[in-house]
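Visitor: Structure in structure tokens, see below.
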Amino acid sequence: SPVGSAPLRDATMAAVLRHVLANLGDPGLSVAGVCRRFAISPRTLHALFEGRDRSFAETVRALRMERCAQLLSDPLTTASITEIGARHGYPDPASFSRVFRRHFGLAPRDVRAGRAQPPPPRKVAEGS
């Protein structure tokens with residue numbers, strides 16, 4: 001395997017996920033950037049996600065959407081829907097709304113208004 005032993009693979013995956021979670025707002029969060037950060041090839045990064053429910057890109061998108069949903073449903077959040085999307089890699093409001101709706105089946109404005117509640121996030125470590 002290009003990732004090496006299971007303990008190394010698990011440690012690398014945990015480090016990649018920590019990095020992704022810490023950088024969800026970076027619009028430059030990408031395969032190339034993560035590969036540079038961890039000195040691994042794109043093939044190795046994609047191999048880490050083989051056999052899981054989501055690819056690297058799907059994982060980043062899901063984590064961003066779940067973070068946005070948390071913020072939208074928090075009554076203490078004062079940022080606008082557009083600001084929340086932009087802070088999580090979606091500078092275009094229409095694109096953010098489309099991806100959010102595709103992910104949750106709900107519009108961001110419905111979550112913000114309290115008319116709908118997104119499902120709880122899945123645990124990343126459990127094969128997502």
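The values are calculated or read from the model by the stated rules, or taken from the named source; none is laboratory data. Here the structure is a predicted model, which means the values were calculated and not measured. Please note: Cβ atoms are built from the backbone with ideal geometry, for glycine as well, and neighbour counts cover all protein chains shown. Heads up: the accessible areas ignore ligands, DNA and RNA and are worked out on the full protein's heavy atoms, side chains in. Shrake-Rupley method; radii C 1.70, N 1.55, O 1.52, S 1.80 Å.
Visitor: Cα extents of region 1-124 along the three principal axes, largest first, in whole Å?
Guide: 47, 24, 23
Visitor: Can you pull the percent of the chain's accessible area that's carbon plus sulfur, 1.4 Å probe, other chains left in place?
Guide: Numbers: 3810 of 7100 Å².
So the carbon and sulfur contribution to the accessible surface is 54 percent.
Visitor: Here's another thing I want to ask about it. So how far apart, in nm, are the two label points at ARG101 and SER5 if each is 7 Å from Cα heading toward Cβ?
Guide: Taking the two extended label points, one gets 5.0 nm.
Visitor: Report the gain in length on full extension from LEU76 to SER41: 0.36 nm times residue separation, minus Cα-Cα distance, nm rounded to one decimal. Walk me through the numbers before you get to the answer.
Guide: Details: separation 35, 0.36 × 35 = 12.60 nm, distance 4.11 nm.
Gain in length upon complete extension: 8.5 nm.
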